[in-house]
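Shown next, in C-alpha cells, is the structure this report addresses.
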Amino acid sequence: MERGVDTASMRGAAAYNMHMHEPSLLVYMLGDDDPSKCSASKLLRFNMVKRVNRVPYRTILLDPYSNIPLLNSDGDECTSITLIDCSWVNASKAFARIKVLKRRRLPLLLAANPINYAKVAKLSSVEALAAACYILGYQHLAYELLAKFKWGSTFITLNHELLEEYSRAESIEDVVRIEQEYSLTEALDRMMMIGM
C-alpha cells in the first residue's frame, strides 16, 4: 500500500516537473487582421496564450524573415515562444522593429487554414505556434491549440511527416535538406514569382 502512494506521488511530481518546463505561449497583437478570422484572438479567448504588450528579449520569436530555422535543440533553454499576430501585408515592417535574442523561422510547412490552404509558409498564428510546439517536443500542446479550430487536425494531417522529420533535425543543414527533399523551396519560389 505504501509503495502505491509513493508511485502515485512520483507520477504527480513527474507530471508537475514536465509542466514546469513547458514554455509560455505569448502573442504580441498588432490588431491589423480581420478579428473574425484571427486565430490568435480565438486562442486568447480560450486562455491558451498570453497577450503581451512588448516582446520579451529572451523569448524565441517566431520570425518568418529569420535565416535560422527552429530546431528541437532550441527548446533546451526555452522559457517562452512568442508570435506576432499581424497581417502578412505588414509583417516585414513589424518584425524589423522587434529586438530579441533568438529569432527563428519555422521550417517550410503547408497551411491548412481556409484562407491560405496548401500554400507553403502562409501559416495562421495558431498553425505557427502549433508547429513550433511540435518541433520543440511539445506535441500535446500543438494538438491542444489546433483542437480549437474545425480545420486544425488538417494541419497535422498535411504536415505530419514533415513535423516529425523537423523535430528530429539536428542542424540548419538538416532542415534545408528536408525542405529540398519535399520540393518545398521550389514551391515557395513559384509562389513568390506569381505574387501569392
- Task: State whether the residues of region 99-108 include one that is farther than 27 Å from Asp76 by Cα, in a loop (DSSP other than H, G, I, E, B) and at pLDDT 95 or above.
- Result: no
- Query: Mind checking which pairs have a first residue in region 54-70 that is free of Cβ contacts under 8 Å to residues at least 40 places away in the same chain and closer than 18 Å to Lys93 by Cβ and a second that is basic (Lys, Arg) and surrounded by 13 or more Cβ atoms within 10 Å (Cβ to Cβ), Cβ under 8 Å, 6 or more apart or different chains?
  - Reply: Ser66/Arg103; Ser66/Arg104; Ser66/Arg105
- Residue satisfying condition, being farther than 22 Å from Tyr28 by Cα and under 11 Å from the mean Cα position of the chain (by Cα), within set Gln180, Gln139: Gln139
- Item | Residue match in region 68-90 (condition: farther than 28 Å from Gln180 by Cβ, surrounded by 21 or more Cβ atoms within 10 Å (Cβ to Cβ) and at pLDDT 90 or above) | yes
- Task: Answer yes or no as to whether Lys37 is free of Cβ contacts under 8 Å to residues at least 24 places away in the same chain and either over 30 Å from Glu173 (Cα atoms) or out of contact with any helix residue (DSSP H, G or I) (no Cβ under 6 Å at 6 or more places or on another chain) (or both).
- Result: no
- State whether one or more residues within region 116-131 are at pLDDT 95 or above, part of a loop (DSSP other than H, G, I, E, B) and buried (at least 17 other Cβ atoms within 10 Å of the Cβ). no
- Quick check, is Leu162 among the aliphatic types (A, V, I, L, M), in contact (Cβ under 8 Å) with a residue 12 or more places away in the chain, assigned to a helix (DSSP H, G or I) and crowded, with 17+ Cβ neighbours inside 10 Å? yes
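The values are calculated or read from the model by the stated rules, or taken from the named source; none is laboratory data. Please read these numbers as outputs of a predicted model, since none were measured by experiment. Neighbour counts are summed over all protein chains in view; Cβ atoms, including those assigned to glycine, are modelled from backbone coordinates with ideal geometry.
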